[in-house]
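Data first, discussion second: the structure below is written as structure tokens.
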């Protein structure tokens, strides 16, 4: 009798904990969205997006930060996607199972959990100083590529594993080479998962601030980057600059910048879900 009551008590506590784990994040997200929306409503406009920063909060805009974010994410994708997908294909389709491959898998999983500021320190030491790229757009893109690379490798490998082994064997039985099997059989089936993982990885890079602060992204920029070796700023850096100021008007600008950043990330996540569903049908 006591055991039954104790079991029911544990079950009730477990269900309550599960409900709290679901409700609390949604509640926090709702409060965050409401607060950001309420604070940013007076600032959100096309003029705010198309203006350059100003020392007067009412005239300040985020245009250089938006352009810098677009450039940075494009360059990051150009560097990280071929390397990540290629590494995943090699590890999954070519590498022999053994101690070395197991060690590589463990290290990739560990790298995915490394704090982003560590990648900023690595980018500062390797790209900014050793390779003498300076505090440039390409240095920031290479740093962010290192950040998202482990996630791209892991997602791509999981997508490749979902392809049934019988398809590989059938292609080999028909005389296809390993490369032909990968290009014509495996990648088309794994493409939805790879694309979804790539978009989600890139969307994470959009919101990162710590690595770019470390490598020296500008906090106040009144011009647009004119090349990959030019200085740059991004939306998170611009928001960080406004939040650090004591004036209330700049806090409203920061809320508007956060709203733009959130809408961009939600749009990318929505696009990833839609593309996955469309390509899987």
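A compact table of results
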{"read-out": "The one condition in (1) at pLDDT 85 or above; (2) under 14 Å from residue 252 (Cα atoms); (3) over 24 Å from the mean Cα position of the chain (by Cα) that residue 57 fails to fulfil", "value": "(1)"}
{"read-out": "One residue from 245, 278 being over 18 Å from the mean Cα position of the chain (by Cα), loosely packed, with under 15 Cβ neighbours inside 10 Å and assigned to a helix (DSSP H, G or I)", "value": "278"}
{"read-out": "Residues of the range 195-241 classified as assigned to a helix (DSSP H, G or I) and within 26 Å of residue 118 (Cβ to Cβ), total", "value": "23"}
{"read-out": "Sole residue being touching a helix residue (DSSP H, G or I) at 6+ places or on another chain (Cβ under 8 Å), under 30 Å from residue 237 (Cα atoms) and either free of Cβ contacts under 8 Å to residues at least 60 places away in the same chain or not in a helix (DSSP H, G or I) (or both), chosen from 55, 43", "value": "43"}
{"read-out": "Cross-chain or 6+ apart pairs with Cβ under 7 Å, the range 255-267 first and within 22 Å of residue 244 (Cβ to Cβ), then outside any helix (DSSP H, G or I) and at pLDDT 85 or above", "value": "257/62; 260/62"}
{"read-out": "From the options 77, 109, residue that is out of contact with any helix residue (DSSP H, G or I) (no Cβ under 6 Å at 6 or more places or on another chain) and within 30 Å of residue 178 (Cβ to Cβ)", "value": "109"}
{"read-out": "Residue 33 vs. criteria in a helix (DSSP H, G or I), in contact (Cβ under 8 Å) with a residue 40 or more places away in the chain and closer than 30 Å to residue 247 by Cβ", "value": "yes"}
{"read-out": "Every residue from the range 238-263 that is in contact with a helix residue (DSSP H, G or I) (Cβ under 6 Å, 6 or more places away or on another chain) and under 23 Å from residue 142 (Cα atoms)", "value": "238, 239, 261"}
{"read-out": "Qualifying residue in the range 106-113 (condition: more than 16 Å from residue 215 (Cβ to Cβ), within 14 Å of the chain's Cα centre (by Cα) and not in a helix (DSSP H, G or I))", "value": "yes"}
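For every residue, the table says whether it meets (1) modelled with pLDDT under 85; (2) on the phi < 0 side of the Ramachandran plot; (3) within 29 Å of the chain's Cα centre (by Cα); (4) surrounded by 12 or more Cβ atoms within 10 Å (Cβ to Cβ).
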residue: 7; (1), (2), (3), (4): yes, yes, no, no
residue: 17; (1), (2), (3), (4): yes, yes, no, no
residue: 22; (1), (2), (3), (4): yes, yes, yes, no
residue: 39; (1), (2), (3), (4): yes, yes, yes, yes
residue: 49; (1), (2), (3), (4): no, yes, yes, yes
residue: 53; (1), (2), (3), (4): no, yes, yes, yes
residue: 64; (1), (2), (3), (4): no, yes, yes, yes
residue: 70; (1), (2), (3), (4): no, yes, yes, yes
residue: 73; (1), (2), (3), (4): no, yes, yes, yes
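The values are calculated or read from the model by the stated rules, or taken from the named source; none is laboratory data. Note that the coordinates shown come from a computational prediction; the quantities given were computed from them, not determined experimentally. Counting neighbours? That spans all protein chains shown, and the Cβs are built from the backbone with ideal geometry, glycine included.
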